[in-house]
Amino acid sequence: GGVVVIPDAAGNRLAPTGPMLHGSEFVAALRAARARSSTAGEIDGIVYVTAAIGPQSARQGAVLVGQPDDLIDARVHRFSLLLVATGVAVLAAAVVVAQQMARWAIDPLKQLDDHAVAFGQGDLQQRADTDRKSTRLNSSH
């Protein structure tokens, strides 16, 4: 898929060109490369770089190397899918952790509320479960 174009100082092509390099944008890029040290860009889905050949005082031509950006686009697309999948996985993990933390905080209060309701209805045998391990986040205190 890559292409290489080598024109002389007059712009005559010394090496064969790819079928996709006949546009005036490529000719302008090569002309700019002959006028200064190098250029780079993208034209019609081809990522290219150009460079002048010869010393700055007497340019002998230029070279253009191009590569279709389909492979780059495919890699970026795969990477973006990986990022989306990672984001979804992190979000799912955060939801699970949030549910567990909410249950850890709310369940003892719900049990206490249930015992208080039963106690209020006259069931004086109700007792809160005091045999549970500490529910503190930092059990070292």
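Data for the structure
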| read-out | value |
| --- | --- |
| Residues being assigned to a loop (DSSP other than H, G, I, E, B) and either under 14 Å from G54 (Cα atoms) or modelled with pLDDT of 75 or more (or both) - total across the stretch 12-29 | 0 |
| Condition check for A32: of a type outside the set (K, R), outside any helix (DSSP H, G or I) and out of contact with any Cys (no Cβ under 9 Å at 6 or more places or on another chain) | no |
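This table checks each residue for (1) assigned to a helix (DSSP H, G or I); (2) under 21 Å from the mean Cα position of the chain (by Cα); (3) aliphatic (A, V, I, L, M); (4) surrounded by 11 or more Cβ atoms within 10 Å (Cβ to Cβ).
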| site | (1), (2), (3), (4) |
| --- | --- |
| G41 | no, no, no, yes |
| V49 | no, no, yes, yes |
| A52 | no, no, yes, yes |
| L64 | no, no, yes, yes |
| Q67 | no, no, no, yes |
| I72 | yes, yes, yes, yes |
| V76 | yes, yes, yes, yes |
| L81 | yes, yes, yes, no |
| T86 | yes, yes, no, no |
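The values are calculated or read from the model by the stated rules, or taken from the named source; none is laboratory data. Just so we're clear, the structure is a prediction, and the values are computed from it rather than from any experiment. Don't worry about glycine lacking a Cβ; one is built from the backbone with ideal geometry, like all the others, and counts go over all protein chains shown.
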